[in-house]
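Reviewing the structure listed below.
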Amino acid sequence: MVCHCVFEFIGSSLIFNVRVVKFLTPEMLLEVSNMSRNERNQLTFSQLNIVAKNLRTTGNTHYNLKNYSKAIRAYRRAIDYLENFWNVTDKDVEERAKVLESIYCNLAICYIKLGKAPQACNACKVGLAQVVTSHDDKLYFRYAHAKMMLGDYNEALRLVGDAEKAGAVKNACKHLRQQIFQERKESKGREKAMCSKMMKGMDEDKDTEANAEEENDKEV
């Protein structure tokens, strides 16, 4: 908002353009989604951080209601606001990293719930690139879960170890590790059964060809 103030000095006029900074009210937070990126960058980081945290809370509410797709949309909007905001100080950068890490952690579990392992892996990877906070054990744990879903069992086991080192609950890590071992065992069993089936099929083809040759010999 711009105000024009006129000051009289010895028969002459001097006009000042004074820019008034507005503080965000709860009602105004709803308007941020309609702002362009340039308009959002006119806000302070503290103002935008409030918006991002409110979106994180909204995402958490959707997650608890098992509306994972809606939760993802809220988290991704918060991420977009924070990652594309340039008006920050060194202190703001640290705070932004902490908030982003927690949001990426929440985003990862939503993708896991939807069975979207590649997206979950990417969320964990980006989250771990932020400043390490108390959430990194959860990120490692969810990264391991997503890798297991992709069948990358060795990497999944390594990440479970990282989760333990970062302070994850040992019982949860023990359970996931057992799950990974079981998944790997079943995967190898399926591969073995498939190979046996293929070999059996090849043997049956050979028998069929041999029988056909015998019939041809009889006809001659």
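Structure note, pairs 174/197; 165/192; 98/170: Cα-Cα distances above 26 angstrom occur for 174/197; 165/192. Centre-to-centre, using Cα atoms only, the stretch 115-187 and the stretch 41-83 are separated by 24 Å.
Taking Lys and Arg as +1 and Asp and Glu as -1, the other residues whose beta-carbon sits under 10 Å from that of residue 166 total -2.
How many percent of the accessible area of the stretch 78-163 is carbon or sulfur, using a 1.4 Å probe?
Numbers: 1780 of 3740 Å².
It is 48 percent, rounded to a whole number.
Each residue, residue 195 and residue 175, gets one label point 7 Å from its Cα in the Cβ direction; the gap between the two is 3.4 nm.
Bridging of residue 70 to lysines at a Cα separation below 21 Å is possible for 53, 113, 116, once same-chain residues fewer than 8 apart are set aside. Mean sequence separation of contacting Cα pairs (under 8 Å, at least six apart), scaled by the length of the stretch 79-169, corresponds to a relative contact order of 25 percent.
Write down the accessible area per residue of the stretch 114-198 in Å², having rolled a 1.4 Å probe over the full set of protein chains.
Working: 5150 Å² over 85 residues.
For the stretch 114-198, the per-residue accessible area is 61 Å².
Residue order by solvent-accessible surface for 149, 35 is 149, 35, largest first, with ligands and nucleic acids left out and a 1.4 Å probe.
The values are calculated or read from the model by the stated rules, or taken from the named source; none is laboratory data. Note that this is a predicted model, so its numbers are computed, not measured. With ideal geometry, Cβ positions are generated from the backbone for all residues, glycine too; neighbour counts draw on all protein chains shown. Quick note on the areas: whole protein, heavy atoms, side chains included, nothing else; ligands and nucleic acids left out. Shrake-Rupley method; radii C 1.70, N 1.55, O 1.52, S 1.80 Å.
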